[in-house]
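The values are calculated or read from the model by the stated rules, or taken from the named source; none is laboratory data. Since this is a predicted model, take the numbers as computed values, not measurements. Please note: Cβ atoms are built from the backbone with ideal geometry, for glycine as well, and neighbour counts cover all protein chains shown.
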Amino acid sequence: MTRSLFFLVLVAPLILWAQSGTIRGFVYEKQSEEPIIFANIFLEGTDLGVVSDDNGYFIIPNVPLGNYKLKASFIGYNDSEQVVNISLDNLLITTKIFLTTQSITLQNVTVNAEREEQKKQVNTGVIKLTSKSINKLPSVGGEADIAQFLQVLPGVIFTGDQGGQLYIRGGAPIHNKVLLDGMTIYSPFHSIGFFSVFDTDIIKKADVYTGGFGAQYGGRISSIMDIKTRDGNKKRLTGKFSMNTFGSKFLLEGPVFSSDSSTFSNSFLLSAKSSYLDKTSKYFYSYVDTVGLPYSFSDFYGKLSFFSQNGSKINLYGFGFNDNVNYTDLTNLGWTTYGFGSNIVLVPSSAKMLIEGKMSYSKYDISQQDVGEPVNNSNIDGFNIGLNFLYFISKKHELKYGVEVLGYTTELYFRNAISALIEEQDHSTEFAAYFHYKFNDNNRFIIEPSLRLQNYTSLGETSLEPRLGLKYNVNEKFRLKSSFGKFSQNLMATSSERDVVNLFSGFLSSTNSLPEYFQGNEVQSSLQKSTHYIVGLEYEIGSYIDLNLEGYIKDFSQLIAENKNQVFDDTPEFENQPDFLKKEFIVEKGVASGFDVLIKYVDNRLNIWSVYSYGLIEREDELQVYNPHYDRRHNFNLVFSYLIDKAKTWEFSLRWNYGSGFPFTKTQAYYEELNLYNELDEDINLSNGDLGILYSDLNSGRLPDYHRLDLSIKKTYSFTTFNILEITLGVTNCYNRNNIFYYDRVNAVRVNQLPIIPSIGLNWKF
């Protein structure tokens, strides 16, 4: 008896110590019940705390038995607190936290959500955006857009006002994956480079990974843009109507139907926008082109959301986007895309886990015809299904794993630079599995190893892709970080070298027209591959200034590109010619290296972004080493926004961009190109030949530097809490800089990008 009692006395404390509980839940904005991301949740008097995720979800595992005060805070909201009790009878506590907007904004904010999140995540090569940050830019055409904000991010290069293509740390547009609620968007930007297909007001967050992204993402070798939309207001019907000289927009959201049940809620969100610039420009901007600017587009997005009491939810969504460009006497282009899908979030009743699922289908069609030339067209349609599991092992250990299945069909009908027809149809199936482990040693060391297994079933190839992220918090204000990763992709793109406005981009999943050898080595894979290396630091300079510096190398060990050196058809007639002169596609390799500097100043009324990027991009084929046309060495952006009055009803915004000149191929001479195809019937002494152009070395010249200043001023009238009017005046290209668009070699005419363009916009929120 004595021995048993002694054993009980000895072991009981250990048993009690071993017992621990879990606190989990969601953080919502009280007025709309929208989730709040990056809110700080902690137990007062302990070192136990976390940051809410994309769903507003948080979990604090391994909480010792006892009574605690659970607190939540987020900038711009009043703090919330509640008492919780972890006991042997109550080891799992599930709660909801509602934060209310502050009536008086604090004048001195020394800690913000972004800084807290930086301490807990590696975050190399990533910028996290919200609709609020996007709206800090000058509103081109009276409407802020994510396309305009992406252009100011570190490592991002855009080629001009027209075309809408982004090049991220050395990668081509096809090397960037854009996700909308988990669905791949194949054409995210409209032909006029100011606008994307996404409505800024429905964006909950947009994570832009310029490199070194984790194993949960795959199928691209350069960058990821992951956009997630809001769920819609669950409390009341609300919306927004916008009208400006470029177009108009309508947004409506609210509960689908009223529900008094405490266990169930719902919401809907509808967004539609349309451009009528091709019509209004005839009157407002006739000095640009008397026939009007040739751009028109329309976008639609709809979403239904259903929520359970414990935070589980299901979303159903659909979209339709289209774009049209008609350059008189030059080219006509149009594309359309639509899709639908669903994603779910499940909160198991007793597990320290979060389950996310997605499934979707989308289709994209594009066609273009230059005057006097055959039609080029391409389409891609496919599906993707994915399942992710996030398991919170303990305060220091977190595991995320999942699977993904993707399939798509591509069709391409395209004539290349020598008018050879490329006609291909193919189907691709991809299967992927990944795991991502995170170790956080009390916010000192953060280690994130991950591994992705990407199987390209249709090709019979498998890519094993290890990745690693590291962060060391030297102190509260200074952090070092680095990442490494291997990446692959199957999807390819092609564009017309004869297209003076370079708008057409066709898709294909693979090709049979590849050379057997590259630089003396057998080509054993049809995949494009890269390896990323990133190092950087973060430094909080005082209460309001943040510095982020990153250096990177992207080693593109294999690229598949349209053969710009092709001079022969790939037919038996030319079987003795080398592959690199007759194959429609070739193998290349390349390296992109550089560094990015971002300095941010943010206080209660002033917001400044200063971004400088240096980059060097080289490509190598069988014949030469060259710089691609988007090799911009120097790029600088200054973004400035200021709330002029204390009531914050007047806001002034400025953006200035400078970029050094892009490479281009010089014209050496012109000659008469005789038509010798009809050898017996053609009299070369009497007939006129075509104009032939003798080019210099590929991209051996540099275009003039690019720079542009945009300004806007916004006045806000708040009639009631839910009735707000905004009037925005903007000017794009304020000092009317003549930035080159392209050069018409045949007519020896320089064509510039858009001149000074004033605009006015009205936004009514209700």
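Tabulated results
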| item | result |
| --- | --- |
| Residue check for residue 352: touching a Lys or Arg at 6+ places or on another chain (Cβ under 8 Å), of a type in the set (Lys, Arg) and more than 29 Å from residue 460 (Cβ to Cβ) | yes |
| Criterion: aromatic (Phe, Trp, Tyr) and modelled with pLDDT of 95 or more - qualifying residue of 544, 539 | 539 |
| Search result, residues across the range 695-723 that are part of a strand (DSSP E or B), modelled with pLDDT under 90 and of a type in the set (Val, Ile, Thr) | 720 |
| Among the residues listed as 265, 259, 248, the single one being surrounded by fewer than 23 Cβ atoms within 10 Å (Cβ to Cβ) and either modelled with pLDDT of 90 or more or not assigned by TED's automatic domain parsing to the domain that holds residue 465 (or both) | 248 |
| Subset of the range 121-140 [under 21 Å from residue 604 (Cβ atoms) and part of a loop (DSSP other than H, G, I, E, B)] | 130, 135, 136, 137, 138 |
| Number of the condition not met by residue 494 [criteria: (1) crowded, with 22+ Cβ neighbours inside 10 Å; (2) among the hydroxyl-bearing types (Ser, Thr, Tyr); (3) over 24 Å from residue 624 (Cβ atoms)] | (3) |
| Only listed residue being part of a strand (DSSP E or B) and touching a strand residue (DSSP E or B) at 6+ places or on another chain (Cβ under 9 Å), chosen from 232, 239 | 239 |
| Answer from 54, 47, 79 - the residue that is within 35 Å of the chain's Cα centre (by Cα), exposed (fewer than 13 other Cβ atoms within 10 Å of the Cβ) and at pLDDT below 85 | 47 |
| Scope the range 357-389; condition in contact (Cβ under 8 Å) with a residue 40 or more places away in the chain and within 30 Å of residue 63 (Cα to Cα); matching residues | 388 |
| Lone qualifier among 157, 146 - being under 28 Å from residue 493 (Cα atoms), modelled with pLDDT of 90 or more and out of contact with any Lys or Arg (no Cβ under 8 Å at 6 or more places or on another chain) | 146 |
| The range 235-245, residues that are buried (at least 20 other Cβ atoms within 10 Å of the Cβ) and either in contact with a Gly (Cβ under 6 Å, 6 or more places away or on another chain) or acidic (Asp, Glu) (or both) | 244 |
| Residue list for the range 245-288, restricted to those being of a type in the set (Asp, Glu) and in contact (Cβ under 8 Å) with a residue 12 or more places away in the chain | 253, 278 |
| Residue tally, condition modelled with pLDDT of 80 or more and either among the β-branched types (Val, Ile, Thr) or farther than 16 Å from residue 422 by Cβ (or both), over the range 558-570 | 3 |
| Wholly within the range 141-217, strands (runs of 3 or more DSSP E) carrying at least 3 residues that are not β-branched (Val, Ile, Thr) | 176-180, 203-209 |
| Any chance residue 630 is under 30 Å from residue 488 (Cβ atoms), buried (at least 18 other Cβ atoms within 10 Å of the Cβ) and aromatic (Phe, Trp, Tyr) | yes |
| Residue match in the range 716-739 (condition: closer than 23 Å to residue 628 by Cβ, in the same structural domain as residue 246 (by TED's automatic domain parsing) and within 27 Å of the chain's Cα centre (by Cα)) | yes |
| Top-ranked residue of the range 609-618 - restricted to ones that are modelled with pLDDT of 95 or more and of a type outside the set (Ser, Thr, Tyr), ranked as farthest from residue 533 (Cα to Cα) | 611 |
| Counted residues, the range 588-642 - those being of a type in the set (A, V, I, L, M) and closer than 25 Å to residue 540 by Cβ | 9 |
| Condition met for residue 194 (assigned by TED's automatic domain parsing to the domain that holds residue 161, touching a residue at least 40 places away in the same chain (Cβ under 8 Å) and touching a helix residue (DSSP H, G or I) at 6+ places or on another chain (Cβ under 8 Å)) | yes |
| Pairs where the first residue, in the range 660-684, is over 19 Å from residue 739 (Cβ atoms) and the second is modelled with pLDDT under 75 and outside any loop (DSSP other than H, G, I, E, B), C-beta under 6 Å, 6+ apart | 671/692; 673/690; 673/692 |
